[in-house]
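These notes are about the structure you will find just below.
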Amino acid sequence: MKPMPRRALVSVYDKTGVAALARRLASLGFQILSTGGTAEALRRDGLDVADVSRHTGQPEILGGRVKTLHPRIHGGLLGDPSEPSHRADMERSSIEPIGLAVVNLYPFRSVAAKPDAPLGELIEMIDIGGPAMIRSAAKNHAAVGVLVDPADYGPALDEIEKTGGLSDETRRRLAAKAFAHTAAYDADIRDTLARRFAALDQPGGGKVPGPGATAPDPAAEFPETIRLEFTRKQSLRYGENPHQKGALYVSPAPVAGTVAQARQVQGRELSYNNLLDLDAAWRLVREFDRPAAVIVKHNNPCGVACAATLAEAFEEARTTDPVSAFGGIVAFNRELDASGAAAAAGIFLECLIAPSIATGARDALKAKTGLRVLEAGAADASATAVFDLRSLSGGLLVQDADTGNADVAAAKVVTRRAPTAEERRGLAFAWKVAKHVKSNAIVIARGERTLGVGAGQMSRVDSVRLAVGKAQEPVAGGVLASDAFFPFRDGLDEAAKAGVTAVVQPGGSIRDEEIIAAADEHGLAMVVTGLRHFRH
């Protein structure tokens, strides 16, 4: 292990733990170099700090934009005294080696998250000296340790205390983390400014274009390059199958009320498939305003219901397909109470998720030791998915998130008979469910509960037959939602034969007239939304 120069450069915006760090460094014989705000904070804690400006002989200029960009700083970080040529250059220029750099950056990401942040404020949050120091120290990791995360302060100091320095393995690990830190920081700046500049270049200087304005090029909505930055939250037992490895990564800017950020409060480790099914159930249950329960199996809902209570909603959802519900994943859209938990505990389930779990509900679930229970927290209404991403061999598909919701109550009636108020209510419910069913999707409902779900079939008529066949009770008097238009009248004929009385579908088929005529022939009411919800 190389001897560690007893000089530390400390320049941080996030001052978490920095005073304790500096005290321990001082006790180990380190001289501490620091910049304006950090130096003041350390002095208030009674620490002896050398100002960078005194060390360099150059005062801060340009309102603090230039303070560490100096050969005595970067020479100290990049120089390796064990190299004769480095040592000669450092002696000639009076450059003293720096053994440890403790640096983190201006909070660009948190400022960029504010929709009303002025562009000028964003520009001032672009750190220049910080990334330069981090990169210099990380490049010279063979001679310098670099700390960008307060979580690493304690372990690094423990190692220095015990061995007198940092091992090669530790310095390499810290350097890789430092480069990841600056890469993510630069990516945030790139993406944020690209969006801001694109808005400024639109007619109206970023404001909503007025009537007659030229529509923006749709291709401009998608960045030229996408670089993904996610942090590993946990390794999984395996992927979809035992021979595949898997891990969960989360967004570096946490989004409240999501499966990725949910807190597990009971049960065994989550699997890859558990997480996929939890997300499918959670996305669907959040569509409803009334107390709702969603049961998912293999990424498709096998039972959905709204009711006066969560317990009633669960029981109604379970009756849709009790065989498939066994071993399923359930989601609730309210704090889970004791009665709702008791209902869910009545059958074998893999996972349960709700915004929160009441104390009485936790007690009711304790006996189900194999049940994984998650609290998702309240959803952040201001946080919406910008893109949906799907990997494919050699590339990535990107699209806008499907946030569209048609108002079924106002949807166009295309048949001679209009739906009744009760049929409209069922159609609106079934339409929300169909949005979350794999295409070709058919959902048959009565009121606000599913009767049968036909998912993922290669033909729409087979999805209708499957939905009718899966129903545990006659579907006569029920209503049907189709995620896309009927290409032929056969699917409608099957629905009418089973007793369906009303249909909601997007329309848009070249055979729409034939489909509408078939509906009139059967006495069905039909509304069209003009909005398709394929889910492949």
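The values are calculated or read from the model by the stated rules, or taken from the named source; none is laboratory data. Everything numeric in this text was worked out from a predicted model, so none of it was measured. Using ideal geometry, Cβ is built from the backbone for each residue, glycine included, and neighbour counts are taken over all protein chains shown. Protein only, heavy atoms only, side chains kept; ligands, DNA and RNA dropped before computing areas. Shrake-Rupley method; radii C 1.70, N 1.55, O 1.52, S 1.80 Å.
Does residue 198 count as over 30 Å from residue 222 (Cβ atoms) and part of a helix (DSSP H, G or I)? For residue 198, the condition - over 30 Å from residue 222 (Cβ atoms) and part of a helix (DSSP H, G or I) - is not met.
With respect to residue 402, determine if the residue is under 19 Å from residue 519 (Cα atoms) and not aliphatic (A, V, I, L, M). Write out each step before concluding.
On the way: under 19 Å from residue 519 (Cα atoms): no; not aliphatic (A, V, I, L, M): yes.
So residue 402 does not fit the description; no.
Output yes when any residue across segment 436-450 is assigned to a strand (DSSP E or B) and among the small types (Gly, Ala, Ser), and no when none is. Scanning segment 436-450, I find at least one residue that is assigned to a strand (DSSP E or B) and among the small types (Gly, Ala, Ser), so the answer is yes. From the list 414, 408, the lone residue that is out of contact with any Lys or Arg (no Cβ under 6 Å at 6 or more places or on another chain) and under 20 Å from residue 292 (Cα atoms) is 408.
What's the total number of residues in segment 461-484 that are part of a helix (DSSP H, G or I) and either closer than 21 Å to residue 535 by Cα or touching a residue at least 40 places away in the same chain (Cβ under 8 Å) (or both)? So that I can check it myself, show each step before the final result.
Applying the first criterion (part of a helix (DSSP H, G or I)) to segment 461-484 yields 461-470.
Pick out the ones that are also either closer than 21 Å to residue 535 by Cα or touching a residue at least 40 places away in the same chain (Cβ under 8 Å) (or both) and you get 461-468, 470.
Result for segment 461-484: 9.
Of the set (1) in a loop (DSSP other than H, G, I, E, B); (2) more than 41 Å from the chain's Cα centre (by Cα); (3) at pLDDT below 80, all apply to residue 117 but (2).
Of the residues 401, 409, which single one is exposed (fewer than 13 other Cβ atoms within 10 Å of the Cβ) and under 17 Å from residue 257 (Cβ atoms)? From the options 401, 409, the qualifying one is 401.
Take the conditions part of a helix (DSSP H, G or I) and either surrounded by fewer than 16 Cβ atoms within 10 Å (Cβ to Cβ) or out of contact with any Pro (no Cβ under 9 Å at 6 or more places or on another chain) (or both) and apply them to residue 496. Does it pass? Steps first, please.
Numbers: part of a helix (DSSP H, G or I): yes; either surrounded by fewer than 16 Cβ atoms within 10 Å (Cβ to Cβ) or out of contact with any Pro (no Cβ under 9 Å at 6 or more places or on another chain) (or both): yes.
Against the criterion (part of a helix (DSSP H, G or I) and either surrounded by fewer than 16 Cβ atoms within 10 Å (Cβ to Cβ) or out of contact with any Pro (no Cβ under 9 Å at 6 or more places or on another chain) (or both)), residue 496 qualifies.
Open to solvent by less than 50 Å² (accessible area, probe 1.4 Å), hydrophobic (A, V, I, L, M, F, W, C) and either at pLDDT 95 or above or not in a loop (DSSP other than H, G, I, E, B) (or both) - does that describe any residue in segment 415-426? There is no residue in segment 415-426 that is open to solvent by less than 50 Å² (accessible area, probe 1.4 Å), hydrophobic (A, V, I, L, M, F, W, C) and either at pLDDT 95 or above or not in a loop (DSSP other than H, G, I, E, B) (or both). Out of the residues in segment 454-471 that are over 17 Å from residue 524 (Cβ atoms) and touching a Leu at 6+ places or on another chain (Cβ under 8 Å), state the one that is least open to solvent (accessible area, probe 1.4 Å). Result: 454.
All of (1) surrounded by fewer than 16 Cβ atoms within 10 Å (Cβ to Cβ); (2) under 22 Å from residue 432 (Cβ atoms); (3) without any contact (Cβ under 8 Å) to a residue 40 or more places away in the chain hold for residue 290 with one exception: (3). Looking across segment 499-516 at every residue that is of a type in the set (Val, Ile, Thr) and open to solvent by less than 20 Å² (accessible area, probe 1.4 Å), the one that is nearest to residue 435 (Cα to Cα) is identified as 504. If I filter segment 353-363 down to residues being touching a helix residue (DSSP H, G or I) at 6+ places or on another chain (Cβ under 6 Å) and surrounded by 21 or more Cβ atoms within 10 Å (Cβ to Cβ), which single residue comes out as nearest to residue 262 (Cα to Cα)? Out of the qualifying residues, it is 353.
Looking at segment 252-266, which of its residues are open to solvent by less than 40 Å² (accessible area, probe 1.4 Å) and touching a strand residue (DSSP E or B) at 6+ places or on another chain (Cβ under 6 Å)?
From segment 252-266, those open to solvent by less than 40 Å² (accessible area, probe 1.4 Å) are 257-260, 262, 266; that's our starting set.
Answer for segment 252-266, where residues must be open to solvent by less than 40 Å² (accessible area, probe 1.4 Å) and touching a strand residue (DSSP E or B) at 6+ places or on another chain (Cβ under 6 Å): 260, 262, 266.
Here residue 89 fulfils each of the conditions (1) part of a loop (DSSP other than H, G, I, E, B); (2) modelled with pLDDT of 75 or more; (3) open to solvent by 50 Å² or more (accessible area, probe 1.4 Å) apart from (1).
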